[in-house]
Every structure is written in structure tokens, then in C-alpha cells.
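Notes follow once the structure below has been shown.
The values are calculated or read from the model by the stated rules, or taken from the named source; none is laboratory data. Every value quoted in this text rests on a predicted model; they were computed, and no experiment measured them. Backbone-built Cβ (ideal geometry, glycine too); neighbour counts: all protein chains shown. Calculation scope for accessible area: heavy atoms of the full protein, side chains included, ligands and nucleic acids excluded. Shrake-Rupley method; radii C 1.70, N 1.55, O 1.52, S 1.80 Å.
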Amino acid sequence: MKKLSLRARVLTGTVAVAALGAGTFGAVSASASAPAAAPAAAVKADTDNRNLQQSTHLTVAAATKAAQATLDAAKKENQRVSVAVVDRNGNTIVTLRGDGAGPQSPESAVKKAYTAVSWNAPTSELAKRLQQTPNLKDIPGTLFLAGGAPVQVKGAPVAGIGVAGAPSGDLDEKFAQAGVAALAR
């Protein structure tokens with residue numbers, strides 16, 4: 001087989017690259033001009049559809065207002081507490097750790113809020129139920145100590161406010177109720 005000159009090899013390589021490039025460009029151009037696939041039919045979502053449900057949730061502003069009212073009520077009585085506001089699903093919206101509140105108080109406040117919204121009852125009432133059903137306390141994320149209050153709309157729970165850090169659960173719950181009351185103003 002005869003060896004090609006340098007000039008012939010360069011020329012052959014250039015032609016090969018040009019042909020490859022033209023083929024690629026053609027394929028890209030062809031796919032770019034192809035009609036796009038039709039989008040999937042949109043499903044009309046309205047409240048008449050029995051598969052959907054509307055729910056009420058607190059805004060961040062409302063949750064913050066309630067949390068701040070709770071801290072203000074505690075401060076008036078020289079109590080150092082933390083407050084948490086959770087939504088209907090138990091997701092934390094706001095947590096505020098008051099100045100000087102203990103390191104355990106934010107987590108306890110979240111658990112009290114979660115417990116109150118889960119059962120739509122103040123946690124002081126729920127703590128009394130432990131006598132008949134002691135295994136309630138084994139449910140993850142709950143805390144059956146006074147200091148949690150549900151936020152209700154038309155009797156249904158939409159949020160929970162939990163307070164921890166005062167020397168008694170009764171005080172914690174009093175401050176949580178101040179947060180609930182702030183939402184009515």
C-alpha cells in the first residue's frame with residue numbers, strides 16, 4: 001500500500017471532519033424543526049372534584065404574630081420561654097426562642113404544638129387522657145405536657161401553638177392561649 005503525503009492526509013482529514021460536521025448539523029436541524037410532542041391534557045382541578053380538598057393554613061405573618069404575642073405574654077410575667085407554631089400537618093411555621101429560655105425549650109415547644117394540633121385539644125387535657133391510654137405518649141413527635149393549644153377555624157384544627165420553659169405547664173399553656181387570642185384580633 002502506498003503511503004499518502006502529508007498534504008493528502010491533511011486534506012483527507014479535513015474532508016472527513018467536514019462531512020461529519022455536516023451530518024451532525026443536519027441531524028440537529030432536523031430534530032429542531034420536528035414538531036414538539038403535544039403536552040399531556042391538563043386536568044381541571046376544582047373543588048367540585050371529590051378527589052380534592054381545600055384546607056385553611058396560617059400565613060407566616062399570622063404565625064409570627066401569634067408567636068410574638070406568646071413571647072410578650074410570657075415576658076410580662078418574667079418568664080423565659082420558647083414558642084413554636086405548626087400548621088395542620090404538624091410542619092413548623094415559626095419557632096422563637098425567648099431570651100434566656102432553656103436549651104430544651106424549642107424542641108419541647110414544637111412537640112407540644114404538634115400534639116395540640118394532632119388531637120385538636122389543649123395538651124393539658126391530653127395529658128389527662130394518658131391515665132386511660134398510657135401508650136399515647138409513645139407516638140413519635142408528641143409531648144403530653146401542658147403548654148400546647150390548637151388554633152381552630154369553625155372547630156377544625158388549622159395550627160398548633162406550643163410553649164415550653166416556664167416553671168409550670170399551666171403557665172406555658174396560658175401563654176400559648178395568648179398567642180391563639182392574638183389571631184382573633
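Miscellaneous remarks
- Meets criteria (closer than 17 Å to Val180 by Cβ, open to solvent by 40 Å² or more (accessible area, probe 1.4 Å), in contact with a strand residue (DSSP E or B) (Cβ under 9 Å, 6 or more places away or on another chain) and not in a loop (DSSP other than H, G, I, E, B)) for Leu126: no
- Of all residues making up the range 158-184, the number that are under 19 Å from Trp119 (Cβ atoms) and open to solvent by 20 Å² or more (accessible area, probe 1.4 Å): 5
- Within the range 73-108, considering residues that are touching a helix residue (DSSP H, G or I) at 6+ places or on another chain (Cβ under 8 Å) and in a helix (DSSP H, G or I), the one surrounded by the fewest Cβ atoms within 10 Å (Cβ to Cβ): Ala73
- Checklist (1) under 17 Å from Leu58 (Cα atoms); (2) among the β-branched types (Val, Ile, Thr); (3) touching a Gly at 6+ places or on another chain (Cβ under 8 Å) applied to Val81, failing item: (1)
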